[in-house]
Amino acid sequence: MKVYLAGPLFSEAEREFNERLRALLERDGYDVFLPQEDSNEKTPPHHQREREKIFKENLRAIDECDVVVAVLDGADADSGTAWEIGYASAIGKPVIGLKTDFRTLGPEGRVNLMIEESITGLCTTTDELMERMRELQR
């Protein structure tokens, strides 16, 4: 099963979490596309040609994946991650959100309404995520 791992990748902590999550998924046999490693240039600034290449590679990876796993930690979802969720949802891909951050956006929910309605499920731990992934394979 091919997984597109969407999430913020701008701080050392975010990149390390993404790498740990990728390793966890790969340990269970998933083929994981991680943009910070598989398409992005390592050092900014990105020139326009590089930006177009990154965009096209990420778009292709979403098109070819079986499921998107989206890291939603923070007070609000990363804007790139939100776009990836919307695109995946629009083309009929299942999206599983992972929000280990216990902050909420209000009494009604843990994530933005538009994201909540676009995802297949919302997990609050990596263990819960892995169980949801196994359910998708059944």
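Read-outs throughout are calculated quantities, based only on the coordinates presented, and are distinct from any laboratory measurement. All values reported here derive from a predicted model rather than from experimental measurement. With ideal geometry, Cβ positions are generated from the backbone for all residues, glycine too; neighbour counts draw on all protein chains shown.
Membrane-span-like helices in the chain, defined here as complete DSSP H runs extending at least 15 Å along the helix axis by their C-alpha atoms with mean Kyte-Doolittle hydropathy no lower than 0.0, are 79-90; this is a sequence and geometry rule, not a statement about a membrane. 5 Å is the cut-off here: which amide hydrogens, built 1.01 Å from N in the peptide plane, fall below it relative to VAL71, excluding neighbours closer than 5 in sequence? So VAL71 has HN proximity to ALA6, GLY7, LEU98. Candidates ILE91, ILE119, ALA13 compared by Cα position along the dipole of the chain: farthest toward the positive end lies ILE91, with charges placed on Cβ. For the pair GLU26 and ILE91, the difference between a 0.36 nm per residue extended length and the Cα-Cα distance amounts to 20.9 nm. Once you reduce the stretch 108-138 and the stretch 67-91 to the center of their Cα atoms, the two points are 11 Å from each other. Each helix, a run of at least 4 DSSP H residues, gives -39500 (n - 2.57); summed and divided by the residues of the chain, these come to -15000 deg cm²/dmol at 222 nm.
Send over the Kirkwood Rh of the chain, from the inverse of the averaged 1/r over different Cα pairs, rounded to one decimal Å. Walk me through the intermediate numbers first.
Numbers: mean 1/r = 0.0659 Å⁻¹.
Evaluated on the chain, it is 15.2 Å.
For ALA90, neighbours were defined as the other residues whose beta-carbon sits under 15 Å from its Cβ, and their charges (Lys and Arg +1, Asp and Glu -1) total -2. Of the residues SER118, SER39, SER11, the one that moves most in a GNM of the chain with alpha-carbon contacts below 10 Å is SER11.
Using 1/(1 + (r/R0)^6) with R0 = 35 angstrom and r between the beta carbons of ARG51 and LEU136, what's the FRET efficiency to the nearest 0.05?
Details: r = 32 Å, r/R0 = 0.92.
E(calc), rounded to 0.05, equals 0.65.
Could you give the size of the charge dipole of the chain about its Cα centre, using +1 on the Cβ of each K and R and -1 on the Cβ of each D and E, expressed in debye and rounded to the nearest 20? If you can, show how the numbers build up before the last one.
Details: 18 positive and 28 negative charges, 42 e Å.
Charge dipole, the chain, about its Cα centre: 200 debye, nearest 20.
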